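Undergrad: Handing you this structure, nothing more for now.
The values are calculated or read from the model by the stated rules, or taken from the named source; none is laboratory data. Quick caveat: nothing in here was measured; it's all calculated off a predicted structure. Counting neighbours? That spans all protein chains shown, and the Cβs are built from the backbone with ideal geometry, glycine included. All accessible areas refer to the heavy atoms of the entire protein, side chains included, with ligands and DNA or RNA removed. Shrake-Rupley method; radii C 1.70, N 1.55, O 1.52, S 1.80 Å.
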Amino acid sequence: MGFSVSGSAAILFIAAFVSVGMLYSAAYNGYERVQDADDSYGERVLEQRNTVVNVSNASYNETGDELLTVNVTNEGSTTLAVNKTDLLVDGVYQARDSYEDWSVDGANDTDVWLPGETLSITVNVTAPTRVKVVTSPGVTATEVV
């Protein structure tokens, strides 16, 4: 066996060693991403399970100003954000800037909606029949007006 055989075997061994090193790092990075995604999914599912909202009252004043007032109580253990809570009236999204008024337990200077507190939203609509409130974790509550 000459030097050329030993030299080529050494080159092949080094190339194989480098290839396995690159393959391992790529596979480990992929595994970490899958684990992070799985952890994130678990946190979202837990947040969704701990979120409970109830439309306690949806009243419509059809005389004069045609205002719909929706009162939604956070009955779960998750703190919600008001700016990530959506209102649909008869299937039509009501933009937050179209709200006549909103408040959390009487205060409209907060974006935090704590467990046990009631969010009150007032919008100007014509003859509503059904409202739906959608929270950021995806939990909804529906009520007939």
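Undergrad: Which pairs have Cβ atoms under 6 Å, sit 6 or more apart or on different chains, and link a residue in region 77-95 that is among the acidic types (Asp, Glu) to one that is surrounded by 12 or more Cβ atoms within 10 Å (Cβ to Cβ)?
TA: Every condition considered, the pairs that remain are Asp86/Val134; Asp90/Pro128; Asp90/Arg130.
Undergrad: Quick check, is Thr51 of a type in the set (Val, Ile, Thr), open to solvent by less than 90 Å² (accessible area, probe 1.4 Å) and closer than 27 Å to Val123 by Cβ?
TA: For Thr51, the condition - of a type in the set (Val, Ile, Thr), open to solvent by less than 90 Å² (accessible area, probe 1.4 Å) and closer than 27 Å to Val123 by Cβ - is met.
Undergrad: Here is a follow-up. Six or more apart or on different chains, Cβ atoms under 6 Å: show the pairs whose first residue is in region 57-74 and within 17 Å of Trp113 (Cβ to Cβ) and open to solvent by less than 40 Å² (accessible area, probe 1.4 Å) and whose second is assigned to a loop (DSSP other than H, G, I, E, B) and not acidic (Asp, Glu).
TA: Between residues of region 57-74 that are within 17 Å of Trp113 (Cβ to Cβ) and open to solvent by less than 40 Å² (accessible area, probe 1.4 Å) and residues that are assigned to a loop (DSSP other than H, G, I, E, B) and not acidic (Asp, Glu), the close pairs are Asn74/Pro115.
Undergrad: A further question on this structure: Does Gly64 satisfy the criteria of being closer than 30 Å to Ser120 by Cβ, outside any helix (DSSP H, G or I) and touching a Ser or Thr at 6+ places or on another chain (Cβ under 8 Å)?
TA: On the way: closer than 30 Å to Ser120 by Cβ: yes; outside any helix (DSSP H, G or I): yes; touching a Ser or Thr at 6+ places or on another chain (Cβ under 8 Å): no.
No, not satisfied.
Undergrad: Which of the residues spanning region 90-139 are under 18 Å from Asn57 (Cβ atoms), β-branched (Val, Ile, Thr) and open to solvent by 60 Å² or more (accessible area, probe 1.4 Å)?
TA: Passing the criteria: only Thr129.
Undergrad: Taking the condition of being farther than 15 Å from Pro128 by Cα, under 20 Å from the mean Cα position of the chain (by Cα) and not β-branched (Val, Ile, Thr), how many residues in region 53-107 meet it?
TA: Counting residues in region 53-107 that are farther than 15 Å from Pro128 by Cα, under 20 Å from the mean Cα position of the chain (by Cα) and not β-branched (Val, Ile, Thr) gives 12.
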